[in-house]
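The values are calculated or read from the model by the stated rules, or taken from the named source; none is laboratory data. Only a predicted model underlies this, so the values are computations on that prediction, with no experimental measurement involved. All Cβ positions, glycine included, derive from the backbone under ideal geometry; neighbour counts span all protein chains shown. Ligands, DNA and RNA are excluded from the accessible area calculation, which covers all protein heavy atoms including side chains. Shrake-Rupley method; radii C 1.70, N 1.55, O 1.52, S 1.80 Å.
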Amino acid sequence: MIYTITLNPALDKQYHVSELVPNTVLRASSIKLDYGGKGFNIARMLAVYGVECTALGFVGGHTGDVLCRGLTEIGIRTDFVRIQGETRTNISAISDTNDGYIKINEPGPTVSTDETKELLQKVKNLIQPDDWWVLAGSIPYGVPVDIYAQLILLINQGGAKAVLDSSGEAFRIGCTAKPFLIKPNLDELADIAEMNGSDIQNVRKAIAKMHQMGINNIILSAGKEQAICSDGTHQWIGVPPHIVEVNPIGAGDAMLASVVYRLSTNKTLLDAFQWGLAAGSAAANLAGTMMPESQKIGELLNQIMIREV
């Protein structure tokens, strides 16, 4: 079984307007609703592969109800902790006539100590050996900054595998708990490993430092042009195929979901890396946060260029 944990989900509302004009009433020509959260994107990508997945996290209030119903309607199984606060709503307005936009993200609810304890207990009760747990995204107010480290320790003790994709202090502390795999970008790697430059030699030194912390596997997003994969013994640079980028949002989630999918079926890390690159490229070629079809991913697989360093 694969689980995702999204601690700070959101209902994303996107309004299309003819023009962004200040100090006036803007009328939307269309409205798009998305269920925002890295874990949800990952679950949707796994569904494309026909893989069973359960999404966990915190939801509350009317917005939380809308989010739960919406996820169920698109086939994502959920097992949330209900909180007293209201799940956040993020608003964006996009101009139909140019590339301008306005985006407003709510701060989100404050999660109580008891609600956090409930989530930890829920995870502890669910853990089974060889399951996969993907911990992704930011943390809401009230949740301790070491929450990912706490979750990873529980998952490791239960014989399951933890995958971490976050940022900031929560990510740094989470890495100290030795997740099975992490997916940082260059800025996050530099922050944790105190990297002095982004050239390949400094990147390799930083990756080695992460392995010394006890992290088995690292997939590094190094911009649009390449990614790096390392298992502590081998390192590969992967160059994705050239695509027409439509919307890169969600591409990293499609990549990580594909990596976890392949690893969960006992494929090699290199195989998983190739699939991740293909899926991320296919997702970036789509509008919104749509997930690509497996056929499209398969078509891009042969266009991935990988070399060992």
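Hey, got a sec? Which GluC sites (Glu not before Pro) in region 209-309 land in a DSSP loop and have at most 13 other Cβ atoms within 10 Å?
Numbers: sites: Glu225, Glu245, Glu293, Glu299, Glu308; in loops: Glu225, Glu245, Glu293.
Passing sites in region 209-309 are Glu225, Glu245, Glu293.
Calculated from the structure, mean projected area of the Cα convex hull in nm² equals which of (1) 14.1; (2) 15.6; (3) 16.3?
Structure-derived value, by its label: (3).
Can you give the helix-only mean residue ellipticity at 222 nm for the chain, where every DSSP H stretch with n ≥ 4 adds -39500 (n - 2.57) and the sum goes over all residues, rounded to the nearest 500 deg cm²/dmol?
Numbers: 10 runs with 116 residues, N = 309.
It comes out at -11500 deg cm²/dmol, rounded to the nearest 500.
So for the chain: antiparallel DSSP bridges make up what percent, rounded to the nearest 5?
Roughly 45 percent of the DSSP beta bridges within the chain come out antiparallel.
What's the center-to-center distance, using Cα atoms, between region 250-309 and region 63-81 in Å?
Centre-to-centre (Cα) distance: 25 Å.
Within the P(r) computed for region 1-86, what percentage of the Cα pairs occupies the region above 22 Å?
Values: 1301 of 3655 pairs.
Tail of the P(r) past 22 Å holds 36 percent of the pairs.
Which Cα, out of Thr268, Leu71, Asn98, lies furthest along the positive dipole direction of the chain (beta carbon charges, K/R +1, D/E -1)?
The residue sitting farthest along the positive end of the dipole is Thr268.
Using R₀ = 51 Å, calculate the FRET efficiency as 1/(1 + (r/R₀)^6) where r is the Cβ-Cβ separation of Met213 and His62; round to 0.05. List each step's numbers first, then the result.
Numbers: r = 42 Å, r/R0 = 0.83.
Taking R0 as 51 Å, the efficiency between Met213 and His62 is 0.75.
Please work out the average accessible area per residue across the chain, using the 1.4 Å probe convention, and give it in Å².
Accessible area per residue, the chain: 46 Å².
With a 1.4 Å probe and all protein chains left in place, how much of the accessible area of region 235-306 comes from carbon and sulfur atoms, in whole percent?
55 percent
When the accessible area of region 138-185 is split by element with a 1.4 Å probe, what percent falls to carbon and sulfur?
Working: 890 of 1670 Å².
Carbon and sulfur: 53 percent of the exposed surface of region 138-185.
Quickly rank 85-96, 66-77, 41-52 as a protection proxy: mean count of other C-beta atoms within 10 Å, highest first.
Numbers: 85-96: 17.6, 66-77: 15.4, 41-52: 21.0.
In descending order of packing, they fall as 41-52, 85-96, 66-77.
Subtracting the Cα-Cα distance from 0.36 nm times the residue separation, let me have the gained length for Gln84 to Val145 in nm, one decimal. Please list the in-between numbers first.
On the way: separation 61, 0.36 × 61 = 21.96 nm, distance 2.01 nm.
So the extension gain works out to 20.0 nm.
Can you tell me the relative contact order of region 184-266? Whole percent, Cα pairs under 8 Å, sequence separation 6 or more. Spell out each step's value before the answer.
Values: 72 pairs, mean separation 15.3, N = 83.
Relative contact order comes out at 18 percent.
Where both residues lie in region 140-290, what percent of DSSP beta bridges are antiparallel, nearest 5? Present the calculation step by step, with values, prior to reporting the outcome.
On the way: 8 of 13 bridges.
Counting DSSP beta bridges with both partners in region 140-290, the antiparallel share is about 60 percent.
Can you list the lysines whose alpha carbon sits under 20 Å from that of Lys205, skipping same-chain ones fewer than 8 residues off?
The qualifying lysines are Lys178, Lys183.
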